[in-house]
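*Asks:* Handing you a structure now.
The values are calculated or read from the model by the stated rules, or taken from the named source; none is laboratory data. Please read all numbers here as calculations on a predicted model, not as lab measurements. Cβ atoms come from the backbone with ideal geometry, glycine included; neighbour counts cover every protein chain shown. Calculation scope for accessible area: heavy atoms of the full protein, side chains included, ligands and nucleic acids excluded. Shrake-Rupley method; radii C 1.70, N 1.55, O 1.52, S 1.80 Å.
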Amino acid sequence: VQLQASGGGLVQAGGSLRLSCAASGRTLSNYYVGWFRQAPGKERVFVATITSGGSTNYADSVKGRFTISRDNAKNTVYLQMNSLKPEDTAVYYCATRRGSLFEYDFWGQGTQVTVSS
């Protein structure tokens, strides 16, 4: 199983980015897919998740600004990030797990998002 996270970059505050998490060896629609982020010197934290049934959940810090979605035909999960803030600066990772009672077992390599003020 391989997860390829991409789409990061440098953007000004208030701007938007769309991250992608493309999978090989695993059909994402059968799994929970989560996005996490890790800022410099901080622990990795949860950002958003989409279940196999399509339900979504978000960290309070990104609610109303970020949207997680899935394209089954492309076996890809997206994280649309709008109204970006400098505090969103981090390396963003995607990961998958079998369900809510399981740990995330496969992780992508991360993509850097930098938001300038």
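*Asks:* Suppose the chain between Arg98 and Asn72 were pulled fully straight at 0.36 nm per residue; how much longer would it get relative to their current alpha carbon spacing?
*Replies:* 7.7 nm
*Asks:* Rounded to a whole number, what is D in µm²/s for the chain from Stokes-Einstein with the Kirkwood radius over alpha-carbon pairs (20 °C, 1.002 mPa s)?
*Replies:* 153
*Asks:* Setting aside same-chain residues fewer than 8 positions from Lys42, which aspartates and glutamates have a Cα under 16 Å from its Cα?
*Replies:* Those aspartates and glutamates meeting the cut-off are Glu87, Asp88.
*Asks:* OK, next. How long is the gain from Trp107 to Val45 if the chain were fully straight, where each residue apart is worth 0.36 nm and the alpha carbon distance is subtracted?
*Replies:* Full extension from Trp107 to Val45 adds 21.0 nm.
*Asks:* How high is the relative contact order of the chain? Use alpha-carbon pairs under 8 Å, at least six apart in sequence, and give a whole percent.
*Replies:* RCO, the chain: 36 percent.
*Asks:* Hey, for a label at Gln38 modelled as a point 7 Å past Cα toward Cβ, could you say which residues of the stretch 87-117 have their backbone N under 12 Å away?
*Replies:* Under cut-off, by backbone N: 91-94, 107-111.
*Asks:* Just to confirm, what accessible area per residue do you get for the chain at 1.4 Å probe, in whole Å²?
*Replies:* Solvent-accessible surface per residue comes out at 52 Å².
*Asks:* Next question, about the same structure. Using label points projected 7 Å from each Cα along Cα→Cβ, tell me how many nm separate Asn30 and Arg65, to one decimal.
*Replies:* The modelled label-to-label distance comes out at 3.6 nm.
*Asks:* While we're on this one: For the chain, which whole percent of the accessible surface, found with a 1.4 angstrom probe, sits on carbon and sulfur atoms?
*Replies:* Carbon with sulfur: 45 percent of the solvent-accessible area.
*Asks:* Calculate the FRET efficiency for Arg18 and Thr56 from the Cβ-Cβ distance with a Förster distance of 22 Å, rounded to the nearest 0.05.
*Replies:* The value I calculate is 0.90.
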